[in-house]
Amino acid sequence: MQGAIAALRALHITAGVLALAVCALPLASRKGGRLHRRSGAVYAWAMFSAAVTALGVVPLRLLSTRSAAVRSRSVFLGYVAVLSFTSCFYGYRVLGQKGRREPHRALVDRAVPSALLVASGGIALYGVVTHFPLGYLFAPLGVLVATGQLRAMASVPTARNWWLIEHLRAMLVATIGTLTAFLVQNTLRVLPHAGVWPWLVPTLLGVPAMILWRRRYERVAPTP
């Protein structure tokens, strides 16, 4: 089991480092330009790989440890992986809906955020039962992300560049997840008594930035 954990962990770290290395490029480059599209594709596939391998590691770590702290951290990082995957998946898929003028009913696109809703309820319950506050503190973020995606798919777009706003918001949430996982895995090794700050800083900084970015593009969004 330790060999499987080590292999998955190596793949996860490689994908995570790649995602972290390129995440600033699509955010800073001209939207729709070659650099944005190519770096964004690299980031998306790195994020998918990091999330899938993280979800593979979690059950193995839960079976191989009796430490309550390790188990809680593993469960939470698994939840962050689901949140990041859901955001990145939606951000990628919404690019194919640019011309949509009716509700989007594709089953796979609705299933992914629905799974995040279930995971959010699960992590909240886990947090309450095990007295792990990050579980129920982060669950509302997942609920907001999932319900926002489901609501957007169920509605008729009212702005010509609605898909760009949705794409940027989703990718910013995925970036928050990337930075959270990176800080937690590295800061707590050096500063084991750092408390909850490595978990909270990316969200505390990223959510206001996401709101400002969304408002910026909503101001310039022409109606159809």
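Readers should treat all values here as calculations from the given coordinates under stated rules, not as data from a laboratory. From a predicted model like this one, the values you see are computed outputs, not experimental measurements. Positions of Cβ are backbone-derived with ideal geometry, glycine not excepted, and every protein chain shown enters the neighbour counts.
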**Prompt:** Using 7 Å Cα-to-Cβ label points, what is the Val70/Val17 separation (nm, one decimal)?
**Reply:** 2.3 nm
**Prompt:** the range 1-61: which trypsin sites (Lys or Arg not before Pro) are DSSP loop and have at most 13 other beta-carbon atoms within 10 angstrom?
**Reply:** Arg30
**Item:** Cα→Cβ-extended label distance, 7 Å offset, between Ala111 and Ala24, nm
**Value:** 3.8 nm
**Message:** Could you give each residue of the range 129-142 its phi-based ³J(HN,Hα) in whole Hz, using Karplus coefficients 6.51, -1.76, 1.60 with θ = phi - 60°, and x for Gly or Pro?
**Reply:** 5, 9, 6, 10, x, 4, x, 8, 7, 8, 4, x, 5, x
**Item:** Around Gly78: net Lys/Arg minus Asp/Glu count, Cβ-Cβ under 14 Å
**Value:** +4
**Prompt:** Counting only residues 5 or more places away or on other chains, whose amide H sits under 5 Å from the amide H of Arg100 once H atoms are built in the peptide plane?
**Reply:** none
**Complete:** In whole Hz, the Karplus estimates of ³J(HN,Hα) for the range 63-68 (6.51, -1.76, 1.60; θ = phi - 60°; x where Gly or Pro) are 7, 9, 9, 10, 6, 5
**Prompt:** What list of ³J(HN,Hα) values in whole Hz, one per residue of the range 153-170 in order, does the Karplus curve 6.51 cos²θ - 1.76 cosθ + 1.60 (θ = phi - 60°) give from phi, with Gly and Pro shown as x?
**Reply:** 6, 7, 9, 9, x, 10, 10, 5, 9, 4, 5, 5, 4, 5, 4, 5, 4, 5
